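What follows is a short report on a single structure.
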Amino acid sequence: MAADDELRRVGWLVVWTLLGVGAAVLILVVILSMRVERTKYIEEKRERSASAAPADLDV
């Protein structure tokens, strides 16, 4: 009986550890994808502002 309780305790420890690691990985993926989208947005904005600028500034 004591071995069963110990095994059950270790099993729950493994389950909670895997859940914690999975949550951490999910958070990292969300943060990284947000940074990628932000970088794409900034590059597009920079390209749009460069194309909207007058081509010839010599006066």
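The values are calculated or read from the model by the stated rules, or taken from the named source; none is laboratory data. All figures in this text were calculated on a predicted structure; none of them were measured in a lab. Ligands, DNA and RNA are stripped out before the accessible areas are found, and what is left, the full protein with its side chains, is counted by its heavy atoms. Shrake-Rupley method; radii C 1.70, N 1.55, O 1.52, S 1.80 Å.
Given a 1.4 Å probe and the protein chains all in place, what does the accessible area of E44 round to, in Å² to the nearest 10?
Answer for E44: close to 100 Å² accessible.
Show me the three semi-axes of the equivalent ellipsoid for the chain, from the C-alpha gyration tensor (sqrt of 5 times each eigenvalue), largest first, rounded to whole Å. Provide the component values of the computation, followed by the final result.
Working: eigenvalues 673, 5, 3 Å².
Largest first, the chain gives 58, 5, 4 Å.
Tell me, what % of the accessible area of the chain is carbon and sulfur with a 1.4 angstrom probe? Could the numbers behind the result be given before it?
Numbers: 3960 of 5840 Å².
Carbon-and-sulfur percentage of accessible area, whole number: 68.
For region 19-25, what does the Karplus curve 6.51 cos²θ - 1.76 cosθ + 1.60, with θ = phi - 60°, yield as ³J(HN,Hα) per residue in whole Hz, taken in order and with x for Gly and Pro?
5, x, 5, x, 5, 5, 5
Can you give me the accessible area per residue for the chain, using a 1.4 Å probe, in Å²? Write out the running numbers ahead of the final one.
Values: 5840 Å² over 59 residues.
Here the residues of the chain average 99 Å² of exposed surface.
When the solvent-accessible surface of protein heavy atoms is calculated with a 1.4 angstrom probe, in what order do M34, M1 fall, highest first? Display every interim value, and only then the final one.
Numbers: M34 125, M1 180 Å².
Largest accessible area first, the residues go M1, M34.
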